[in-house]
Structures are given as C-alpha cells and as structure tokens.
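Please treat every number below as a calculation from the coordinates, not as lab data. These numbers come from a predicted model, not from an experiment. With ideal geometry, Cβ positions are generated from the backbone for all residues, glycine too; neighbour counts draw on all protein chains shown.
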Amino acid sequence: MTPSRFACTAYHAPKRDHAADEYEDAWAANPELGRFALADGATESSFANIWAQLVVNAYVTQPQLAIDELRQQWSDQVDGLELPWYAEEKRAIGAYATFVGLHIRNDGQWKAFAHGDSCLAHLREGQLLAFFPMRHSTEFTTSPPLISSREGTPEWVRLAGHAEPGDRFCLMSDAMAQWFLRIHERGQSPDMIFDQWQQDRSLFQPWLRQERESGMLTNDDTTLLEIRFLPYESRESR
C-alpha cells in the first residue's frame, strides 16, 4: 500500500459554558484514502450530533454518500428511545446538519463538496488559494441550508483543484470559518496562529476564549480539521 501523504490535526470545543457532551459538530479523517469530512449539527434539532457523526463517518469510508441509508441508521438509533412528548415532536421532525467533505489523491488532485456553511480553505505558504462554499464573512446566517435526517435531497456545491507538497487544507464549522474570513479580509493569514497550535496545542483554548470575548468568533461549537499535504520524503502523522 502506498503510504499516506496526509497529516491531520483537529481542534474543537463546545459553546462557551457548555459541556463536552453538548458538542454537536463532528469530524472524521481517513488519511490512507485521502478523505476528510466535517459536519455541524443544528442545535435546535433532535439528536443532531448522532446525525452529523453518521454523515462524516460514511464519507471517509465509502465511495459515495448514501443519504437514504444514513437516514435509516439514524432512525434505527433514535426512534425507539423513550422521550418526553416535546422531545418526541422534535425527533419526528428529524436532525439537521451542514457538511463539507474533501478527497485528495496522492498526486495532489482534490475535490470537495458541501451543503450549508461548513467550509474548506486551501492555503499555500500563507496565501489563500480557495475558500468554499462561502465567500465573505457577511454571508453567514442563522439559517444555512441543512441536510435532513428525514427527507429531502441536498443540493451539493462542488469545487476541485490541485495541491502541492506543503499545502494546507482547513475544514471548518461556521464559527471558525467566519472567523477565518474576517482575519483574511483584514489582510492577515491564520496560518501563523495554526502553526502556534501545532507547536503547542494548549494555546488553542486561551485563543478561543479571547476571540469569543472580543466578538471576532461567534459563541458556537467550534471545529477546525487541518490537513497537510506532505512531500513523500517527510511523511508524518500527528
């Protein structure tokens, strides 16, 4: 088997003053196949964390995302649970999540698709080459398109490109993605901050508190899945 050319690191946290088990983002990585995914479960929906995790796990292990099969899996997990009447009503409506998935081949060719405001950034030496599917920090709203665990057909947005050794990809839920664009629109690159976290992961939580307090980062579940495309001679894992 050809060794993986990808190293990935995840940084994530629930909303301020929320417990870890209230975190409703989800991410998954399969460096051997070059497949990575992130989903943001909608807080107001029922069992959104389960739905988000099912979707990302399926993307990184299967050639195609079979939404109907995932809906059945979600239903199998939650429909038999005994709940208060008000929770039963929410469960009947279903769970919702945004999604972004990335597939990179060892030759650097990549493709991505998304639904909603979970985003992908492609960077090279601090320069932003692509940001997808949002384009500006003002585009984020409280009602993005969502994938339902009950019905509907997602309208996927797609993008493709080519990576060179040393390039960095970032999959982000909406709070992190909006922060990223705000920094970029100021003429700055988040690369330097991400490099600091790589050197010392303990810096992430103080940064998170500071940016939330300043208003630069929305108080929401916050997730960054960082993927580095490695030269063959420096394959590494984190």
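Annotations
- The dipole here belongs to the chain: it is taken about the Cα centre, uses +1 on the Cβ of Lys and Arg and -1 on the Cβ of Asp and Glu, and is about 660 debye.
- Helix axis angle, 174-185 relative to the chain longest principal axis, alpha carbon, degrees: 30
- The C-alpha atoms of the chain define a longest principal axis, and helix 67-78 lies at about 60 degrees to it.
- Working from the Cα coordinates of segment 161-238, the gyration tensor eigenvalues give, after taking √(5λ), semi-axes of 24, 15, 11 Å in decreasing order.
- Taking the Cα centre of segment 150-190 as origin and assigning +1 to Lys and Arg Cβ atoms and -1 to Asp and Glu Cβ atoms, the resulting dipole is close to 120 debye.
- Given charges at Cβ of Lys, Arg, Asp, Glu: segment 6-234 dipole, positive-most of Phe47, Leu203, Phe180: Phe180
- Listed residues Arg201, Arg150, Arg158, most fluctuating in the chain (Gaussian network, C-alpha, under 10 Å): Arg201
- Fluctuation leader among Tyr86, Tyr96, Tyr23 - the chain, Gaussian network, Cα springs under 10 angstrom: Tyr86
- Most mobile listed residue (Leu129, Leu54, Leu33) in the chain, GNM with C-alpha springs under 10 Å: Leu129
- Helix content alone sets the calculated 222 nm mean residue ellipticity of the chain: runs of n ≥ 4 DSSP H residues at -39500 (n - 2.57) each, divided across all residues, give -8500 deg cm²/dmol.
- Trypsin sites (Lys or Arg not before Pro) within segment 1-101: DSSP coil, no more than 16 neighbouring Cβ in 10 Å: Arg16
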